[in-house]
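The values are calculated or read from the model by the stated rules, or taken from the named source; none is laboratory data. Source: prediction; values computed, not measured. Glycine also receives a Cβ, built like all others from the backbone with ideal geometry; neighbour counts cover every protein chain displayed. Please note that ligands, DNA and RNA were not included when accessible areas were found on the heavy atoms of the full protein model with its side chains. Shrake-Rupley method; radii C 1.70, N 1.55, O 1.52, S 1.80 Å.
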Amino acid sequence: MTRHKLAFRNLTLGYDRHPVVHHLEGVVEAGSLLAVIGPNGGGKSTLLKAIAGQIEPLGGTIDNSFASLAYMPQIGDLSRDFPVSVFDLALTGLCSQRGMFGRISRSERQRAEEAIGKVGLSGFEDRSIRTLSGGQLQRLLFARMMLQDAELILLDEPFAAIDQRTISDLLTIILNWHGEGRTILTVLHDFELVRRNFPLSLLVAREMIAWGPTPEVLTTDNLALARHMSEAFDQDAAFCERAA
Amino acid sequence: MMFLYDILIAPFIEFPFMRRALVGGIAVSIGAAPIGLFLMLRRMSLIGDAMAHAILPGAALGFLIGGISLGAMTIGGLAAGLGVALLAGLVARSTLVKEDMALAAFYLLSLATGVLILSGSGSNIDVLSLLFGSILALDNPTLLLIVSVSSLTLAALSLGYRGILMECLDPGFAAGVSRQGALFHFGFLVFVVLNLVAGFHALGTLLVVGIMMLPAGTARLWSDDIAKMLLIAMFSAMLANICGLILSYHLGLASGPAIILVAGLIYVGSLIVAPLGIVRRLLPQRHLEA
């Protein structure tokens, strides 16, 4: 059986021909728990968007052999004043398997019930999502993701503006997913949290600075280099001449 | 009792045209009100109005070619409406231009083209009947068209319910889990156009938007649950039709505007007394423990 994996080959991503990440090269092995770190504007979100298929690479390719993918963007399209209950929003995760027409069985509703329980929202099932706090909504989105049951999971800053207790609850869920053999890429800014929980890290700052076991990536030298590389946008940049 | 009978029932017993208007109005309500609700949930409440303007030139052109013919006017309206909806949808999905701007651009093009052709033709079209309809003069083929469109709409909405809701609720997520997003997007726009075209025979291209959107606004004020909102929208639209017809009969008012005015009054009334309306906000309410 071939192991699934995610491979970047000479991958360049960006907007309007201006690259955000240059010539990224590497493989995410199945079952990895990978933290994607780096300065703002360094290309972390762009990388996740590209893996999710929302933007086309400017150059190179992404080889994704995972059967299913779940993606939580940093700023989603979810309209928060939409009249939908907590339970129904969690159920939408099942669209990954049931599509837009398939019937949702009693056991699947049971699973939704359990997922809501696991993220600590039991009792909130009938509440309208507009009444949720930011942290509660984030818990709910994790419940939806559980129901998506994807092999490859992309989380873009899942802990932004989230309190410590919620972070530790949600982190437990991520570690459980890892234990179930899922492959997870998470964009994070809290290096301590990464050091303690993520075996692998990818440091990007407009290009790959380092990729490997977290202790080898999160070194003082690498972080200084990443800071130096960040946010250099040139309106009149010349064409990139690096070997393709 | 006789008094109530005379007011509420007798007009429909005595006059066939009132019965036809009743059937037509109820059928339009059943199709258009749920469409309006989904438009509102997509924050596209004014799109109905734009689409109505897009349809007008097509219907007028149909009239110019075929005279007062159900077929010509319907085909003209459909062609103009679908053309605008599909082009706008295409632009919205493939460029940075948002759907409201895309629709604004194409409906204005349609409107200007229509007016240009009509003013050049020198024909004296009864524009008022196009704009405001003639619900008291519905013939059998027109009724059949309206009822068919309503039935089709209900069938399509029940089939596509999840997809349409997902596209409204979280379009990014919907695109991630299903490749059928475009199908629901365009399918929905097609039904917006179909209902406007069927409805304009009864209420006119402009007023038909009223029976689409006003009940949707009413429903939003009464419930937070989409299934209930759908029922509330449909029933308040039907109620507006029935009351509007009765009022117009007894007071000698134009029927179309009377129906929309009743729908509007129901909305304004709901704005005041409904659970999610104004009064409930202003009244001091004791808060709960948790």
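I'd like the projected area of the protein assembly as shown, averaged over all directions, using the convex hull of its alpha carbons. Report it in nm² with one decimal.
With every direction weighted equally, the projected area is 32.8 nm².
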Expressed in angstrom and ordered largest first, the alpha-carbon extents of region B:47-104 along the principal axes are 41, 17, 12
Rounded to the nearest 10 Å², what accessible area does residue B:100 show when all protein chains are kept and the probe is 1.4 Å?
100
Taking every alpha carbon pair in chain A and sorting the distances into 10 angstrom bins from 0 up to the bin holding the longest one, the percent per bin comes out as 7, 30, 34, 21, 8, 1
Residue A:118: which aspartates and glutamates have alpha carbons under 14 Å from its alpha carbon, excluding same-chain residues fewer than 8 sequence positions away?
A:169
Kindly state, to the nearest 0.05, the FRET efficiency for residue B:271 paired with residue A:56, given R0 = 45 Å and r defined as their beta-carbon distance.
0.45
Please state the relative contact order of region B:31-271 as a whole percent: Cα pairs under 8 Å, 6+ residues apart?
27
Give the cross-link partners of residue A:49 among the lysines, using a straight C-alpha distance below 24 Å as the criterion and excluding same-chain residues fewer than 8 apart.
A:5, B:98
With heavy atoms of protein chains only and a 1.4 Å probe, what residues of region B:222-258 have at least 30 Å² less accessible area in the full set of chains than alone?
B:224, B:226
Please get the size of the charge dipole for the protein assembly as shown, origin at its Cα centre, with Cβ charges of +1 on Lys and Arg and -1 on Asp and Glu, quoted in debye to the nearest 20.
760
Rounded to the nearest 10, the angle in degrees between the Cα long axis of helix A:106-118 and the longest principal axis of the Cα atoms of chain A comes to 60
I'd like the carbon and sulfur percentage of the solvent accessible area for region B:31-271, probe radius 1.4 Å, heavy atoms only, ligands and nucleic acids excluded.
74
Residue-normalised value, i.e. accessible area per residue, for chain A at 1.4 Å probe, in Å², stands at 49
With a 10 Å cut-off between alpha carbons and a GNM built on chain A, which of A:190, A:221, A:156 moves the most?
A:221
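If you stretched the chain out fully between residue B:96 and residue B:69, how much longer would it get, using 0.36 nm times the residue separation minus the C-alpha to C-alpha distance?
Stretched fully, the residue B:96-residue B:69 segment lengthens by 5.7 nm.
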Simple spin-label estimate for residue B:151 and residue A:113 in nanometres, 7 Å along Cα-Cβ
4.0
Longest principal axis of chain A (C-alpha) makes with the long axis of helix A:220-229 (C-alpha) an angle, in degrees to the nearest 10, of 80
In bins 10 Å wide, starting from 0, what share of all Cα pairs of region B:31-271 does each bin hold, as a percent?
8, 32, 36, 20, 4, 0
